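What follows is one structure encoded as structure tokens, with my remarks underneath.
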Amino acid sequence: MSVQVPATLSAETVEKIAEERNEPEWLLEARLDALDALEDVELPDVIQTPGRRWTNLEALDFEALVDPLNQSDETERVSAEGATVLSFVDALDEHEDLLREHFGSVIDPETNYLTALSAALFTTGTFIYVPEGVDAEDVKIRAEMNSRTLFSHTLVVTEKSGSATILESIESGEDTDGEDRYFSNIVEVVAGENSYVQYGSLQNLNEDTYHYTLKRADADTYATANWIEGNIGSRLTRSDVETELNGDGSESKIVGSFFGHEDQHLDVNARVWHKAEHTTADLVTRGVLDDTARSVYEGVQDVGVDAWNTSSYQRENTLMLSDESEADASPKLIIHNHDTEASHSATVGQVDAEDLFYMTSRSIDPLTARNMLVEGFFVPVLEEIDVDEFREDLQELIAARLR
Amino acid sequence: MHPNPYRSVTRDNTTMATLEIKNLHAEVAEEDGETILRGVDLTVNSGEIHALMGPNGSGKSTTAKIIAGHPAYRVTDGEILLHLDEQDVADIDEELDEDDYTWNLLELEPNERAALGIFLGFQYPAEIEGVTMTNFLRQALNAKADEREELFEDEDEDAAEAEEEEDTGYDTSPMEGPADDGEIGVAEFQQLLKEKMELLDMDEKFARRYLNAGFSGGEKKQNEVLQAAILEPAVAVLDEIDSGLDIDRLQDVSKGINALRDEQGTGILQITHYQRILDYVEPDHVHVMLDGKVVKSGDASLAEELEDKGYDWIREEVYQAA
């Protein structure tokens, strides 16, 4: 069953967006193709357990949520020496060839309904280009969403032996008076031979916002493509963070964290495809739920036929602070090549009573003890972060949620 | 004397805190929970070393956990009192009355008992990832000072103060260690920690490691004694602190326990199965538990006798008398 295309959307809408931004023909064509595809493509798959469909994306009222011609954001970008960090529009002027070559090369706009919607309508986003051998540290993108709808498309390209550590943060701007909002964030990473990318993304949208993100990397020979994601805000988040290990000896770490409270709903997914020899993947997700928040996780390690000598590890842990929160986790390991060392696990549990007693027996009051345990629970995630500012921000948001 | 500016208690031989356990009955805190303690009587004064021995299942560890307030047990009868003296409350600025010197521990939360001067050395200490030793211990030391103020605070002022000073609790990062915000600054705390670690022959690197995470059995036990040395309790209950220790580590740990008593005047209630540690930490009193009761007490020679003859003769003695 595909989703009704909102009546507010037409080729004219798309043409208007392209025209306002003075976009080249090829991009307009790509947008119009994506618009056409909306009638045929489906919403992303969601986890189903007996009697329950965890995330009901069909219930999203796109008619009301999608307001394509009034998109607005304020985005601050900090570059690093030798690298290019530009808004998508500005990059069209300076690096059109690179954009044309790579846009949609990692994430096909017709992957699903939401990616097609994004390709047709996106108005913001960033282009990061790291030339051969350049080491771009602490690239920062701080985005503020200032409209009912915002579609963002970001493209990262690292050439041979280049390196980039990136922090992206997303917040809501002005007060929304409880109006429902929709934020879509597509990120493509093209990690060239022997290059290194760590893309950190911290989402703290207000709790009237529905949030969809698909981030995918294509890792070439000996490339490392690492993701770190923190989901703190939003009413509902559907996040898919993925790496295709296409080159021999390539590696990926996908690190996820979330802290849901009140009525938040978090659907987070990490996936890796081992498609070449000697590839390594490590998927680590840690989440905390309070109040009536819900989380659903799917982790997939897919080891292809040609993926000789694969190492692949996955673990997910959810910590529940409330009896009324709910969590489901599905770690999946699909092996088509026996020459694989792999592990996968998921746990859902509460704060350990013996740990708490141990801490209180040293004079620490129970609430402080619990908070210390929760903050300690996130440390394995924090330790992976390259950009200090990202680590500090995530820590602060976790601490703030505990008070 | 030990140059520690943060000592909450300074003792000489004329002062004394007392832990008094009277007719303690307890069961597992479940529906139809098994009865474990059937009338424990035990008194430990500060500055004394007591050994609590007995076969498996006799109730030794349960006694220890109940003293500290473990939620898995329900006390059905009896009481646990902590008597303090002037020196124990020398750090408190408030006007104190009679009541402030005797506390019914069963009415208090585990953290309150700890703040008053009860310490439990765990048989199996928790491994806590992401919380560094330094951070944890400094937090504990500051929490103890805060909790003590609250416990001894005049009740009328209670509400007003609570409003005035919202307890922000733990407000520092587990990654970077504590901010300089508590009673005890980072640098001063580091110095204190360093001294105590030297005393126990512990490597400095422990301070930066996560609490007990990946520690060997022996390192965990050393760490328990280190914590007692830093928190300076009136009475420390050490639950099988000697199990899983090689001889070198046993000597380090024993040195630490003796220092607790000699330098801080802590009373020690040491639960053990073996005579071995008692060669290094000589007890003033030895008690034997059987079926949930203390059935026999004596001096150090009782432990030696137990080592030779086991517990059966005591069992016979007790049941013949009954």
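The values are calculated or read from the model by the stated rules, or taken from the named source; none is laboratory data. Keep in mind that what you see is a predicted model, and the values were worked out from it rather than measured. Glycine gets a Cβ as well: all are built from the backbone with ideal geometry, and neighbour counts include every protein chain shown. Surface accessibility is based on the protein's heavy atoms, side chains included, excluding ligands, DNA and RNA. Shrake-Rupley method; radii C 1.70, N 1.55, O 1.52, S 1.80 Å.
The table that follows gives values for the structure above.
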| item | result |
| --- | --- |
| Test: B:Gly267 is closer than 24 Å to B:Thr43 by Cα and at pLDDT 90 or above | yes |
| Restricting the range B:36-62 to residues that are among the hydroxyl-bearing types (Ser, Thr, Tyr) and touching an Asp or Glu at 6+ places or on another chain (Cβ under 7 Å), the residue that is nearest to the other protein chains (Cβ to nearest Cβ) | B:Ser61 |
| Output for the range B:194-214, where each listed residue is more than 14 Å from chain A (Cβ to nearest Cβ), in contact (Cβ under 8 Å) with a residue 60 or more places away in the chain and not aromatic (Phe, Trp, Tyr) | B:Glu195, B:Leu199, B:Ala207 |
| Check on A:Met372, buried (at least 16 other Cβ atoms within 10 Å of the Cβ), facing chain B (nearest Cβ under 8 Å) and of a type outside the set (Lys, Arg) | yes |
| Residue in the range A:375-393 that is most open to solvent (accessible area, probe 1.4 Å), counting only those that are in a helix (DSSP H, G or I) and more than 9 Å from every other protein chain (Cβ to nearest Cβ) | A:Asp388 |
| Residues of the range B:110-132 that turn out to be in a loop (DSSP other than H, G, I, E, B), more than 7 Å from every other protein chain (Cβ to nearest Cβ) and touching a Ser or Thr at 6+ places or on another chain (Cβ under 9 Å), as a count | 2 |
| Matching residues, the range A:287-327, being over 28 Å from A:Arg403 (Cβ atoms) and charged (D, E, K, R) | A:Glu298, A:Asp302, A:Asp306, A:Arg315 |
| The range A:49-105: number of residues that are hydrophobic (A, V, I, L, M, F, W, C) and under 21 Å from A:Val387 (Cβ atoms) | 5 |
| Lone unmet requirement of (1) in contact (Cβ under 8 Å) with a residue 40 or more places away in the chain; (2) within 30 Å of B:Met133 (Cβ to Cβ); (3) more than 16 Å from the chain's Cα centre (by Cα) for B:Tyr311 | (2) |
| Residue, surrounded by the fewest Cβ atoms within 10 Å (Cβ to Cβ), within the range B:78-95, restricted to residues that are in contact (Cβ under 8 Å) with a residue 60 or more places away in the chain and not in a loop (DSSP other than H, G, I, E, B) | B:Glu86 |
| Hits in the range A:131-176 (condition: open to solvent by 50 Å² or more (accessible area, probe 1.4 Å) and in contact with a helix residue (DSSP H, G or I) (Cβ under 9 Å, 6 or more places away or on another chain)) | A:Asp138, A:Arg148 |
| Residue in the range B:96-109 that is within 8 Å of chain A (Cβ to nearest Cβ), open to solvent by 20 Å² or more (accessible area, probe 1.4 Å) and touching a residue at least 40 places away in the same chain (Cβ under 8 Å) present | yes |
| Hits in the range A:310-366 (condition: polar (S, T, N, Q) and more than 30 Å from A:Gly51 (Cα to Cα)) | A:Thr310, A:Ser311, A:Ser312, A:Asn337, A:Thr340, A:Thr360, A:Ser361, A:Ser363 |
| Flag if B:Val286 is at pLDDT 95 or above, open to solvent by less than 20 Å² (accessible area, probe 1.4 Å) and over 16 Å from the mean Cα position of the chain (by Cα) | yes |
| Any hit, the range B:169-185, residues being at pLDDT below 95, more than 14 Å from every other protein chain (Cβ to nearest Cβ) and open to solvent by less than 10 Å² (accessible area, probe 1.4 Å) | yes |
| Residues of the range A:177-221 that turn out to be open to solvent by less than 10 Å² (accessible area, probe 1.4 Å) and outside any strand (DSSP E or B), as a count | 2 |
| A:Ala34, sole failed condition from (1) crowded, with 19+ Cβ neighbours inside 10 Å; (2) over 17 Å from A:His153 (Cβ atoms) | (2) |
| Restricting the range A:343-353 to residues that are buried (at least 16 other Cβ atoms within 10 Å of the Cβ) and either without any contact (Cβ under 8 Å) to a residue 12 or more places away in the chain or closer than 25 Å to A:Asn309 by Cα (or both), the residue that is nearest to the other protein chains (Cβ to nearest Cβ) | A:Ala346 |
| Exclusive hit being at pLDDT below 95, open to solvent by 30 Å² or more (accessible area, probe 1.4 Å) and not in a helix (DSSP H, G or I), set A:Glu58, A:Glu76, A:Glu39 | A:Glu39 |
| Residue among A:Leu356, A:Leu333, A:Leu367 that alone is outside any loop (DSSP other than H, G, I, E, B), at pLDDT 95 or above, open to solvent by 20 Å² or more (accessible area, probe 1.4 Å) and touching a helix residue (DSSP H, G or I) at 6+ places or on another chain (Cβ under 8 Å) | A:Leu356 |
| Scope the range B:45-62; condition crowded, with 22+ Cβ neighbours inside 10 Å and among the hydroxyl-bearing types (Ser, Thr, Tyr); matching residues | B:Ser46, B:Ser58, B:Thr62 |
| Identity of the residue in the range B:133-144, open to solvent by less than 10 Å² (accessible area, probe 1.4 Å) and more than 7 Å from every other protein chain (Cβ to nearest Cβ), that ends up farthest from A:Asn317 (Cα to Cα) | B:Arg138 |
| Matching residues in the range A:79-97 - criterion: being out of contact with any Asp or Glu (no Cβ under 9 Å at 6 or more places or on another chain), part of a helix (DSSP H, G or I) and surrounded by fewer than 18 Cβ atoms within 10 Å (Cβ to Cβ) | A:Asp90, A:Asp93, A:Glu94, A:Glu96, A:Asp97 |
| The lone exception for A:Ala64 - which of (1) among the small types (Gly, Ala, Ser); (2) within 21 Å of A:Ser147 (Cβ to Cβ); (3) free of Cβ contacts under 8 Å to residues at least 60 places away in the same chain it fails | (3) |
| Qualifying positions in the range B:63-77 - open to solvent by 30 Å² or more (accessible area, probe 1.4 Å) and either more than 14 Å from chain A (Cβ to nearest Cβ) or among the aromatic types (Phe, Trp, Tyr) (or both) | B:Tyr73, B:Arg74, B:Val75, B:Thr76, B:Asp77 |
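This table checks each residue for (1) closer than 20 Å to B:Lys194 by Cα; (2) in contact (Cβ under 8 Å) with a residue 60 or more places away in the chain; (3) surrounded by fewer than 23 Cβ atoms within 10 Å (Cβ to Cβ).
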| residue | (1), (2), (3) |
| --- | --- |
| B:Ser216 | no, no, yes |
| B:Ala228 | yes, yes, no |
| B:Leu238 | no, yes, no |
| B:Leu250 | no, no, yes |
